[in-house]
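Structure record follows, encoded as structure tokens.
FYI, it's all coordinate maths here, none of it is from the lab. Quick caveat, the model's predicted, so the values are computed rather than measured. Because the Cβ atoms are built from the backbone with ideal geometry, glycine has one as well, and the counts that use them run over all protein chains shown.
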Amino acid sequence: MNIMKKLIVAIDGPAGAGKSTVARIAAQRLCYAYIDTGAMYRAVTWKVMRCQVAVDDAEVVARTAGTIDLRLEYSCEGTKVYVDSTDVTEAIRTPEVSQLVSVIAQNGGVRAAMVDLQRKLAADGGVVMDGRDIGTHVVPAADVKIFLTASIEERANRRWLELTAKGFKVKLDELKAEIASRDKADCEREISPLVQADDAVVIDTTNLSIAQAVDKIIGLCEGIDGGL
Ligand code: DC
């Protein structure tokens, strides 16, 4: 693809709307780096658990994030996540990490450290970055802003299929409750809550295939003056 300008594509939305899958494929098609900011908060959570830091000790949790050696390695298969040279790509997806991550993501020091890193990663453009506050806070000047969403039933169902395929035994109604509680925590937290940016384009994936959602995003990039 002939890329004139290296765009910054910000994709925000609630858990399970398909952000990671759609963002990863869009990044591949654009030959851009894919930056999964949720994975960054998960990596901090993994380290907090690993170091047996008390989750309610905000200062120590923030220090853990401030000193973490967090590395994202991009390839066609996706992004590998390393913490202090340990490959945590799979470990950060366990239900234990999922349950704790929204608490860790509410910590102001953790957010400051991650946002700083995210801005550095986006600085030169040519990135698709997904999360909750990318278009509103991390890179408000992003060239393309998407708010990707889907019904809670559909999001719970997708998470159930994903976890079941990995061998985890989970109940659909419990997943639905967990996603609802994460939505609440993400939307109601004081710092950088999940809100739709005024200038974001909403894509509801409840009845869309992954390919259709990706096509919409590529179409928006192509529409940017001086873009693709
Ligand atoms: O997208 P995910 O489920 O992997 O995100 C994990 C958690 O991190 C989720 O509780 C929301 C939080 N998060 C955040 O607060 N800000 C971001 N930019 C990305 C994720």
Among 159, 182, 63: highest mean-square fluctuation, GNM of the chain, C-alpha pairs under 10 Å: 63
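Relative to 2.2 N^0.38 Å, what does the C-alpha radius of gyration of region 1-113 come to as a ratio? Two decimals please. Write out the running numbers ahead of the final one.
Details: Rg = 15.0 Å, N = 113, 2.2 N^0.38 = 13.3 Å.
Against the compact-globule rule of thumb, the ratio is 1.13.
Please get the size of the charge dipole for region 27-129, origin at its Cα centre, with Cβ charges of +1 on Lys and Arg and -1 on Asp and Glu, quoted in debye to the nearest 20. Can you show the working numbers first?
Numbers: 11 positive and 13 negative charges, 43 e Å.
Taking the Cα centre of region 27-129 as origin, the dipole is about 200 debye.
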query: Using r as the Cβ-Cβ distance of residue 57 and residue 222, and R0 as 41 Å, what FRET efficiency do you calculate, to the nearest 0.05?
result: 0.30
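When the Kirkwood radius is taken over all Cα pairs of region 77-199, what Stokes-Einstein diffusion coefficient follows at 10 °C and 1.306 mPa s, in µm²/s?
The diffusion coefficient I find is 98 µm²/s.
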statement: Ranking 177, 121, 192 by how far each Cα lies towards the positive end of the charge dipole of region 91-198 (+1 on Lys and Arg Cβ, -1 on Asp and Glu Cβ), the top one is 177
- prompt: Which of 217, 104, 191 moves most in a GNM of the chain, Cα contacts under 10 Å?
  reply: 191
- prompt: Using modelled backbone amide H atoms (1.01 Å from N, in-plane), which distant-in-sequence or interchain residues come within less than 5 Å of residue 203's amide H?
  reply: 147, 148, 149
message: Is there a quick way to get the dipole size of the chain? I mean about its Cα centre, with the Cβ of Lys and Arg at +1 and of Asp and Glu at -1; what is the value in debye to the nearest 20?
response: 400 debye
message: For the chain, set up a GNM with springs between Cα atoms under 10 Å and report which of 173, 36, 186 has the largest fluctuation.
response: 173
- request: Starting from the Cα of residue 5, step 7 Å along the direction of its Cβ; do the same at residue 75; then give the gap between the two resulting points in nm.
  value: 3.4 nm
field: Computed label-point distance, nm, for sites residue 99 and residue 201 using a 7 Å Cα→Cβ extension
entry: 4.0 nm
- request: Assuming R0 = 45 Å, can you tell me the calculated FRET efficiency for the pair residue 67 and residue 210, based on Cβ-Cβ distance, to the nearest 0.05?
  value: 0.75
field: Antiparallel DSSP beta bridges within the chain, percent to nearest 5
entry: 30 percent
task: Post the alpha-carbon centroid distance, region 23-57 to region 112-164, in whole angstrom.
output: 11 Å
field: Distance in nm between pseudo-label sites at residue 123 and residue 188 (7 Å out along the Cβ direction from Cα)
entry: 3.8 nm
- prompt: How do 151, 98 line up, fewest other C-beta atoms within 10 Å first?
  reply: 151, 98
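Return the ratio Rg/(2.2 N^0.38 Å) for the chain, where Rg is computed over Cα atoms only.
Scaled against compact globular proteins, the figure is 0.97.
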- request: Relative to the longest principal axis of the C-alpha atoms of the chain, give the angle of the C-alpha long axis of helix 172-188, reported between 0 and 90° and rounded to the nearest 10°.
  value: 80 degrees
query: By per-residue mean of other Cβ atoms within 10 Å, what is the highest-first order of 137-145, 163-171?
result: 137-145, 163-171
